[in-house]
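Only the coordinates and a few stated rules stand behind these numbers; no lab work does. None of these values were measured; they are calculated from a predicted model. Methodologically, a virtual Cβ is constructed for each residue, glycine included, from the backbone with ideal geometry; neighbour enumeration extends over all protein chains shown.
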Amino acid sequence: MNAKEIRELFPILNQEVNGHPLVYLDSGATSQKPIQVIEAVQKYYHNDNSNVHRGVHTLGTRATDGYEGAREKVRKFIRAKSTEEIIFTRGTTTSINKVAASYARANLSEGDEIVISYMEHHSNIIPWQQVAKETGATLKYLPLQEDGTIALSDVSATITDQTKIVSVTLVSNVLGVINPIKDIAKIAHQHGAVMVVDAAQGAPHLKIDVQDLDCDFLAFSGHKMCGPTGIGVLYGKKQLLENMEPVEFGGEMIDFVGLYESTWKELPWKFEGGTPIIAGAIGLGAAIDFLEEIGLDQIEAHEHKLAAYALERLSEVEGMKIFGPKTAANRAGIVTFNLDDVHPHDVATVLDAEGIAIRAGHHCAQPLMKWLKQSATARASFYLYNTEEDIDKLTTGLIKTKEYFSDVF
Amino acid sequence: MSFNNLDTLYRQVIMDHYKNPRNKGVLEDDSLTVNMNNPTCGDRIQLTLKLEDGKVADAKFEGEGCSISMSSASMMTQAIKGKTKEEAVKLSHIFSDMMLGKDYDDDIDLGDIEALQGVSQFPARIKCATLAWKAMEKGMNEEDTAK
């Protein structure tokens with residue numbers, strides 16, 4: 001895999017920001033889009049735009065084929081058994097909320113437990129807090145070890161026969177940790193709980209096999225994996241989805257509508273009320289084609305190399321504190337840090353003046369920030385278009401930041 | 001933009017307030033307390049105000065945040081002491097105009113606050129600078145409705 005050649009396929013990366021070539025290190029927030037994805041969305045609006053599933057006319061058939069074709073691409077991408085198990089949503093947040101609103105509310109009651117971890121994104125915390133409040137269930141947290149990883153002994157100690165839902169992220173958006181989902185799912189199943197996986201930071205970077213993981217639900221977003229914003233996926237095991245009620249009611253999701261009663265379409269459409277995100281799905285399909293042509297194994301290996309290199313280079317900066325595991329083993333391309341007494345916002349502003357885009361703040365993970373005893377942190381996140389040169393520039397930028405603030409002080 | 005432009009943001013007086021914050025702490029007794037967060041970035045301020053005869057007799061702040069938010073809080077508490085509520089709120093409006101790059105009333109001596117003018121050129125940082133001022137305005141409004 002040649003990251004420099006891949007970079008050429010991303011038009012946005014070919015620009016100067018504040019007089020410097022753009023160094024984009026914020027793919028954890030959203031990835032950039034290759035020309036193939038931009039063109040697929042444009043082609044759809046240019047030639048094929050029409051509503052789906054009403055296919056009497058030609059454009060309707062093209063739009064439907066494009067939309068359902070994207071569903072099949074997603075199925076293959078995560079190795080699901082059937083397209084009935086692939087529901088298009090607005091993104092990871094909507095996907096998790098759907099599980100909470102439909103499955104959890106119907107199946108949980110007082111005395112039951114929901115288990116999540118300290119490293120979850122707000123979108124894998126708040127839906128469960130709400131479910132707990134409404135059903136009387138208890139929300140429990142898996143503790144983290146010193147280096148930010150989850151120990152299976154803690155998983156075994158936390159999950160009980162009262163646990164009905166376990167929901168954990170595949171990759172932490174702050175620590176970069178890759179969690180042992182397959183093992184956690186096994187423990188969850190031993191106690192009769194369902195396993196929900198937040199794959200927002202996982203799907204863009206790792207090969208996912210939902211059958212091998214044996215997860216019950218898995219959620220991810222298109223925009224973090226080279227696709228458009230506004231499209232996401234909820235995978236669910238068929239026998240669970242079949243017994244769940246829809247969350248949104250209206251057009252597209254019905255079988256028969258009477259005056260006082262209605263029936264729903266079969267899977268997956270009963271969960272897709274309203275005109276779906278057609279262009280988004282087609283764009284996501286193009287993104288999957290793009291990623292698979294390069295190969296997820298290649299992408300993972302590239303990011304692993306970048307993470308190892310970043311850990312090494314950033315450690316050279318005086319006053320650097322890196323959070324999460326100290327080595328690149330089981331780490332995705334995310335490195336979160338703080339630089340002595342320079343606040344992360346100030347770090348981000350100084351780097352921006354050098355054309356380097358990083359994220360600063362709580363990363364939608366306030367409970368984790370509390371665990372780290374930080375009010376905010378800086379985060380560099382990498383993707384297939386980043387190079388070691390980008391990390392060199394980041395390192396130089398951080399050294400300059402340090403110098404700049406020591407001058408001002 | 002280069003590091004030279006950064007100097008318009010990180011002026012000496014700002015860094016001085018950041019390093020040596022004025023009025024840091026919490027006022028006891030029956031002072032007015034306002035808590036405010038910037039939910040997008042995690043900055044947090046607790047402002048305590050003591051009002052006597054319609055004037056700000058004392059003001060203190062506690063909080064966590066970047067150099068811009070904390071120095072702005074320091075300058076704000078310094079500026080409003082001794083001012084009437086109306087004057088303090090007016091000052092906040094002037095500050096807001098300054099952040100938005102609008103023409104603002106320059107008859108009033110803004111003192112150290114003037115140094116924050118450069119923030120207006122960094123749109124992503126304006127919310128950092130206005131946090132303490134928004135907290136102060138909220139406190140003044142609450143005081144009004146409490147009456």
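Here are the numbers for this structure:
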| read-out | value |
| --- | --- |
| FRET efficiency, 1/(1 + (r/R0)^6) with R0 41 Å, evaluated for A:Val257 and A:Asp289 via beta carbons | 0.65 |
| Dipole magnitude of the stretch B:3-146 about its Cα centre (Cβ charges: Lys, Arg +1; Asp, Glu -1), debye to nearest 20 | 540 debye |
| Whichever lysines have a C-alpha closer than 16 Å to that of A:Lys73, once near sequence neighbours (fewer than 8 apart) are set aside | A:Lys81, A:Lys207 |
| Order by protection proxy (mean Cβ within 10 Å, highest first), peptides A:15-26, A:225-236 | A:225-236, A:15-26 |
| Peptide ranges A:383-395, A:187-199 listed from the most packed, as the mean C-beta count within 10 angstrom indicates | A:187-199, A:383-395 |
| Averaged over B:6-18, number of beta-carbon atoms from partner chains that fall within 10 Å | 3 |
| Assigned charges on the beta-carbon of Lys, Arg, Asp, Glu; the protein assembly as shown dipole about Cα centre (debye) | 760 debye |
| DSSP H segments from chain A that extend 27 Å or more along their own axis, Cα-based, with Kyte-Doolittle mean of -1.0 or above | A:388-408 |
| 10 Å Cβ neighbours from other chains, averaged over peptide B:39-48 | 4 |
| Amide H within-cut-off set for A:Ser31, under 5 Å, with H built and near neighbours excluded | A:Lys224, A:Met225, A:Cys226 |
| Kirkwood-Stokes translational diffusion coefficient of the stretch A:227-354, alpha-carbon pairs, 37 °C, 0.692 mPa s, µm²/s | 169 µm²/s |
| Long-range Cα-Cα pairs in the stretch B:3-146 (distance over 25 Å), rounded percent | 21 percent |
| DSSP beta bridge pairing in the protein assembly as shown, given as percent antiparallel to the nearest 5 | 70 percent |
| Centre separation in Å (Cα based) which lies between the stretch B:81-147 and the stretch A:140-211 | 46 Å |
| Sequence of A:Lys73, A:Lys224, A:Lys207 once ranked by neighbouring C-beta atoms within 10 Å, starting from the fewest | A:Lys207, A:Lys73, A:Lys224 |
| Residues B:Ser69, B:Ser120, A:Ser381 arranged by fewest to most Cβ contacts within 10 Å | B:Ser120, B:Ser69, A:Ser381 |
| Part-to-part distance (alpha-carbon centres) for the stretch A:1-80 and the stretch A:279-328, which is given in Å | 19 Å |
| Spatially proximal aspartates and glutamates relative to A:Lys370 (Cα-Cα < 20 Å; intrachain offsets below 8 disregarded) | A:Glu120, A:Glu146, A:Asp147, A:Asp154, A:Asp340, A:Asp341, B:Asp43, B:Glu62, B:Glu64 |
| Cα Rg, Dmax, chain A, angstrom units | 21.9, 74 |
| Helix-only mean residue ellipticity at 222 nm for chain A, each DSSP H run of n ≥ 4 adding -39500 (n - 2.57), per residue, nearest 500 | -11000 deg cm²/dmol |
| Among A:40-48, A:309-317, the order from most to least packed when residues are scored by Cβ within 10 Å on average | A:309-317, A:40-48 |
| Cα-based reach from A:Lys4 at 18 Å (exclusive), listing lysines while leaving out same-chain residues under 8 positions away | A:Lys33, A:Lys305, A:Lys393 |
| Pairs from B:Lys24/B:Lys134; B:Lys24/B:Lys50; A:Lys164/A:Lys238 whose Cα-Cα separation, in the structure shown, is over 24 Å | none |
| Relative exposure of A:Asp216, B:Asp112, B:Asp29, judged by other C-beta atoms within 10 Å (fewest first) | B:Asp29, B:Asp112, A:Asp216 |
| For chain A, with +1 on Lys and Arg beta carbons and -1 on Asp and Glu, the positive-most of A:Thr138, A:Gly280, A:Ile12 along the dipole | A:Thr138 |
